[in-house]
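The values are calculated or read from the model by the stated rules, or taken from the named source; none is laboratory data. On a predicted model such as this, the values are computed, not experimentally measured, just so you know. Heads up, the Cβs are rebuilt from the backbone with ideal geometry, glycines too, and the neighbour counts pull from every protein chain shown. We work out accessible area using only protein heavy atoms, side chains counted, and drop any ligands, DNA or RNA first. Shrake-Rupley method; radii C 1.70, N 1.55, O 1.52, S 1.80 Å.
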Amino acid sequence: VQLQASGGGLVQAGGSMRLSCVVSGYILSSNVMGWYRRVPGEQRELVASITSGGTINYVDSVKGRFAISKSNAGNAKTTVYLTMNILKPEDTAVYYCDYQDTRYRHWGQGTLVTVSS
């Protein structure tokens, strides 16, 4: 499984941005995909996750502002999105997409999101 993330950049506080992560390869029907973020000097934290059954979780700090979704193109490719609204300077971080199934876990390369005040 390969993950390719895109969509980061610079945005003003209060603005919006959408991150995309193309997950390709042999994707099991039972899996979890998510977005994590890491601020320098801090641990990576889960931002949002979505299971293959559609169960969604968010970290409290982004509830009501961020939305995770995905589009499927069969078992070979899925794109998972993170739509971020009402961005705050504290959302500034490197964002990583993640894929997990019963076999293994893979990370995409990080994409930097910078929110200016």
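A few remarks follow.
- The set of residues from the stretch 58-101 being more than 15 Å from the chain's Cα centre (by Cα) and in a strand (DSSP E or B) comprises Asn72, Ala73, Asn75, Lys77.
- Here Lys77, Lys63 are screened, and the one residue that is open to solvent by 60 Å² or more (accessible area, probe 1.4 Å) and modelled with pLDDT under 95 is Lys77.
- Pairs where the first residue, in the stretch 9-20, is without any contact (Cβ under 8 Å) to a residue 40 or more places away in the chain and the second is open to solvent by 70 Å² or more (accessible area, probe 1.4 Å), C-beta under 8 Å, 6+ apart: none
- Tallying residues that are of a type outside the set (A, V, I, L, M, F, W, C) and open to solvent by less than 50 Å² (accessible area, probe 1.4 Å) within the stretch 24-51 yields 8.
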